[in-house]
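Student: One structure coming up, written as C-alpha cells, with questions to follow.
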Amino acid sequence: MLALLAQQVPDFVRPDIDWHAAAPELTLLTFGALVTMMDIVWLEKGRKLTSIVASIGLLATMVPIITLAVDGADRSMFGGAFVVDDYALIMKAVFILTGYVVILLSTNYIAEGDYWENEYYGLLLSSILGMILMASARDLITIFVALELLSIPAYMLATWRKRDLKSNEAGMKYYLMGVFASAIMLYGMSLLYGGSGSTLLTDINESISGPGDPSAVVVLGIIFVIVGFAFKVSAVPFHTWAPDTYEGAPTPITAFLSVASKAAGFVALMNMLFVGFFGRDDVYEPVIWILAALSMTVGNLIALRQTNMVRLLAYSGVAQAGYMLAPLAVAGDVPDSALAATVGYLVIYAAMNLGAFAVVIAVARKTRTAEIDDYRGLFHWAPGLTVAMTVFLFALAGIPPLGGWWAKFRIMGAVIEANTAAGVVMGIFVAVNSVIALYYYARIGVKMWAEPAPDDDTAPVRVPVSLTSALVLTAAATIAFGVLPGLVGEVTKVSLLAGVGG
Amino acid sequence: MELTTTWYLVLSVLMFSIGAVGLLVRRNPLVMFMCVELMLNAVNISFVAFGADLNDVGGQISVFFVLVVAAVEVVVGLALVVAITRRRSDANADDISVLRG
C-alpha cells in the first residue's frame, strides 16, 4: 500500500492560496478562536464581552465578503475544490447576517438563563464557519468536512440547557438523526467516487452525465446523497427530528437551525445538483419532486393541528423546505430560474422566519411557554409584537406586499417555465398548499388580535434592546423584500453552471 | 480464490446494512453509536476499495477525513449520553420521550 502511495504522489507542490478568497473563512476562524481563548484566559471576566466579540467577528467577516463582491471575479482554489463566485458570496452573506441576528436573539436569553456563555458563542461561530465554507465547497471531501463542521457544534447547542430533559432529548434526537444522515450521505459519496473516479464535482459531472443510462452505482450514489441532505433540510419523510429538536432546544438555537442550518443543507444540495449531478437530471429530478411534494403537503397538514408555536413553526418550516425544493425538481429544464428561485426564497425565508422566532422569544419572556393559547389577546399587552408577528406570519403565508409573496411567485414562475407535466403539477401543489398554510397562519392572527388575554393579564413585557433591534432588522427586511422585489431579484441572479458549460 | 474489488464492496454493503438496521432497531444509545461506527467504516472500506481499483489516491485521502470526523462525532455523542445519564439512571432511547406531537 505504501509503495502504491509513494508511486502516485508526485513531489509536493505548495498549492497557490488566494488569501483574498479565503479571507472570510480566515477572519471568522480568528474570531472563533479569540472567543474561545477569552474564556480560557479571562474566565468570568470575559463573559460579558463574548457576545460583543462574536458579533464584531461576524461583521468583520462581512468586509472581505463585500470586497470580494465588489471585485467581482470568480476565484477558484485547490484545483476547483474551493470556489468563490456570486452565488457563494450571496449565501455567505446570508449565513453571516443570520448568525448576527441569532446572536442578537441569544444575548439576553443566554445571559439570563444561567447557561455557559463563552462556549456558546464559540460553537455558534464555528458552526457558521462550516456554513460559509459550504457555500464555496465544490468537492465531496470539502462538502463533507463543511457539513460536519456546521452540524457537530449544532448538536451541542441544541442540548445547551443540559439540566433540562427536554433539551437533552432534543439534542439526542438531532444527533442520532444527523449522524445517520451523514453516514448515508457519505456512503453515497463513496459510490459516486467509485462511479466517477474523482471527488471533484465538476469531474464527477463530466464522468457520469449522459447520453446513455447511468450505472447502478451512480444512481444509488445520487439517491443516497440527496437523502442525506433531505435530513438536513428536514424534508418529509426525513423530518421527524425537526419538531422535537426545535421544541427542546433553546429558542435562539431553534431559529438558527430552522434558518441557517436548513439553508446550509440547501446550499450543499444545490452545489451537488447544479455542479455534480447536472447531466443526470433524469435521476435526481424525480427524487426531488417526490420530496418536495411530500414536504409541502405533510408539513402543512400536520401544522394545522399544532398547539405549540415552536412546533407549528417547525412544521411550517418543513412545508417551506418543500417550496424551496420545488424549483430544484425542474432544475434540469430551467437551471437558471430554478437556482435563482431557490436562492431568493432562502434569502427571504431567513428574514421572515428569524423574525417569527424573535417574537416567540420576546413573548416567552413573559409567558415562559410557547403555547399558541398564550398568544390570545397579545394585542392588548404587546401591540408592537402583535404587528411584527402578523407581518412575519403573513409573509410566511405569501400575502403581498410582504417578502414571502415574491419568493412564492418566483417558485411558481420557475416550475411553470419548465413547461413539463411534472412542473405544472408541482405548481398546483404549491398553490393548494399555500391556501392550506394560510389557514393556520391566519388562525394565530385571529387569536392575537380578536381574543381577550387569558385571565385579563395585560401587564406589558419588557423587550431588551438587542431583541428589539433583531425584530426591527428582520421586519424591515421582510417588508423591503416584498415592496421592492427587484432587490432580491437582482442579487440572486446567479448561476452555478459556469463550471459545467451548461 | 482471488479477492477482487467486488468482495470488498460486498463486505462494505453488508457492514453498512447491519449498521443501518442496528441503528433503527436497537434502543441503547451506546449500541446505536457502535452502529454508526459500523456504517462509517463501511464507507471507509468502500472508499479504499474504489481507490485501489481506480488506482487513485483520492479514496485513501477521504478515509482520513472520515476517520477524524467519526471520532469527533462519537465524542459529542458520548457527551450527550453523559448529560442524559446524569439526569436519569439509564439511557434508553425509548424512555427519552418527553417531546411528542
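Student: Taking the Cα atoms of segment A:73-135 alone, what are Rg (to one decimal) and Dmax (as a whole number) in Å?
Tutor: Calculated on Cα positions, Rg and Dmax stand at 15.1, 48 Å.
Student: Using R₀ = 41 Å, calculate the FRET efficiency as 1/(1 + (r/R₀)^6) where r is the Cβ-Cβ separation of residue A:304 and residue A:56; round to 0.05.
Tutor: Details: r = 43 Å, r/R0 = 1.05.
For residue A:304 and residue A:56, the calculated efficiency is 0.45.
Student: How big is D for segment A:215-286, in µm² s⁻¹ as a whole number, if Stokes-Einstein is applied with the Kirkwood radius of its Cα pairs at 10 °C and 1.306 mPa s? Please list the in-between numbers first.
Tutor: On the way: Rh = 13.2 Å.
Translational D for this selection: 120 µm²/s.
Student: Report the gain in length on full extension from residue A:70 to residue A:469: 0.36 nm times residue separation, minus Cα-Cα distance, nm rounded to one decimal.
Tutor: On the way: separation 399, 0.36 × 399 = 143.64 nm, distance 2.76 nm.
Contour length minus Cα-Cα distance gives 140.9 nm.
Student: With only alpha-carbon pairs counted, each pair once and no self-pairs, how large is the Kirkwood hydrodynamic radius of segment A:419-459 in angstroms? Present the calculation step by step, with values, prior to reporting the outcome.
Tutor: Numbers: mean 1/r = 0.0776 Å⁻¹.
Across segment A:419-459, the inverse of the average 1/r is 12.9 Å.
Student: Using the Cα atoms as the points, what is the convex hull volume per residue of segment B:13-59 in Å³? Intermediate results must be reported in sequence, preceding the final value.
Tutor: Numbers: hull volume 2.4 nm³, N = 47.
For segment B:13-59, the hull spanned by Cα atoms encloses 51 Å³ per residue.
Student: Here's something else I'd like to know. What order do you get for B:48-56, A:23-31 when each peptide is scored by the mean count of other beta carbon atoms within 10 Å, highest first? Intermediate results must be reported in sequence, preceding the final value.
Tutor: Working: B:48-56: 18.3, A:23-31: 20.3.
Listed from highest to lowest mean packing, they are A:23-31, B:48-56.
Student: Right, something else. Once amide H atoms are placed 1.01 Å from N in the peptide plane, what residues at a sequence separation of 5 or more from residue A:371, or on another chain, have their amide H within under 5 Å of its amide H?
Tutor: Here A:309 satisfy the definition.
Student: For peptide B:31-39, compute the average count of partner chain beta-carbon atoms within 10 Å of each residue's beta-carbon.
Tutor: Values: counts 0, 5, 3, 0, 4, 6, 2, 1, 7.
The shielding value for this peptide is 3.
Student: More than 41 angstrom separation, counting every C-alpha pair in chain A; what % is that? Present the calculation step by step, with values, prior to reporting the outcome.
Tutor: Working: 20154 of 125751 pairs.
Looking at chain A, the distances longer than 41 Å represent 16 percent of pairs.
Student: Here's a follow-up. Report the Stokes-Einstein translational diffusion coefficient (µm² s⁻¹, integer) for segment A:287-359, Rh taken as the Kirkwood radius over Cα pairs, at 25 °C with viscosity 0.890 mPa s. Numbers along the way, then the final one.
Tutor: Values: Rh = 12.8 Å.
In µm²/s, the coefficient is 192.
Student: Run the helix sum for chain A: -39,500 (n - 2.57) per DSSP H stretch of 4+ residues, divided by residue count, reported at 222 nm to the nearest 500 deg cm²/dmol. Don't jump to the answer; show the numbers that get you there.
Tutor: On the way: 21 runs with 365 residues, N = 502.
Result for chain A, helices only: -24500 deg cm²/dmol.
Student: From Cα coordinates alone, what are the radius of gyration and Dmax values for segment A:411-488 in angstrom?
Tutor: 19.1, 56
Student: Here is a follow-up. Got a sec to turn the phi values of segment A:162-171 into Karplus ³J(HN,Hα) couplings, 6.51 cos²θ - 1.76 cosθ + 1.60 with θ = phi - 60°, whole Hz, x for Gly and Pro?
Tutor: Values per residue, Gly and Pro as x: 6, 8, 9, 4, 4, 5, 4, 5, 4, x Hz.
Student: Can you tell me the relative contact order of chain A? Whole percent, Cα pairs under 8 Å, sequence separation 6 or more. Display every interim value, and only then the final one.
Tutor: Details: 835 pairs, mean separation 70.1, N = 502.
In percent, rounded to a whole number, it is 14.
Student: Hey, another quick one. Show log10 I(q)/I(0) for segment A:266-423 at q = 0.12 Å⁻¹, two decimals, from a solvent-free Debye sum over equal Cα scatterers.
Tutor: -0.56
Student: Hey, could you get me the Stokes-Einstein D for segment A:105-249, Kirkwood radius over alpha-carbon pairs, 37 °C and 0.692 mPa s, rounded to whole µm² s⁻¹? Could you put the intermediate results ahead of the total?
Tutor: Details: Rh = 16.7 Å.
It comes out at roughly 197 µm²/s.
Student: For a Förster distance of 45 Å, can you work out the FRET efficiency between the beta-carbons of residue A:115 and residue A:20, rounded to the nearest 0.05? Provide the component values of the computation, followed by the final result.
Tutor: Values: r = 37 Å, r/R0 = 0.83.
Efficiency for this residue pair is about 0.75.
Student: Sort A:146-154, B:31-39 by packing, meaning the average of other beta carbons within 10 Å per residue, with the highest value first. Mind showing how you got there, number by number?
Tutor: Details: A:146-154: 24.1, B:31-39: 20.3.
My ranking of the peptides, most packed first, is A:146-154, B:31-39.
Student: Percent of alpha carbon pairs in segment B:5-100 separated by more than 15 Å? List each step's numbers first, then the result.
Tutor: Details: 3025 of 4560 pairs.
Of all Cα-Cα pairs in segment B:5-100, 66 percent lie more than 15 Å apart.
Student: If exposed trypsin sites (Lys or Arg not before Pro) are those in a DSSP loop with at most 13 other Cβ within 10 Å, what is the longest stretch of chain A that has none? Working shown, then result.
Tutor: Numbers: sites that count: A:163, A:305, A:368, A:462.
The longest such stretch corresponds to A:1-162.
Student: How tilted is helix A:50-71 with respect to the longest principal axis of chain A? Cα atoms for both, answer in degrees (0 to 90, nearest 10).
Tutor: Helix A:50-71 sits roughly 50 degrees off the main axis of chain A.
Student: Nearest 10 degrees is fine. How inclined is helix A:86-112 to the longest principal axis of chain A, computing both from alpha carbons?
Tutor: Once rounded, one gets 40 degrees.
No value in this document is a laboratory result; all are computed from the given coordinates. Keep in mind that this is a model prediction, so the values were computed, not measured. As a convention, Cβ positions derive from the backbone with ideal geometry for all residues, glycine included, and neighbour counts pool all protein chains shown.
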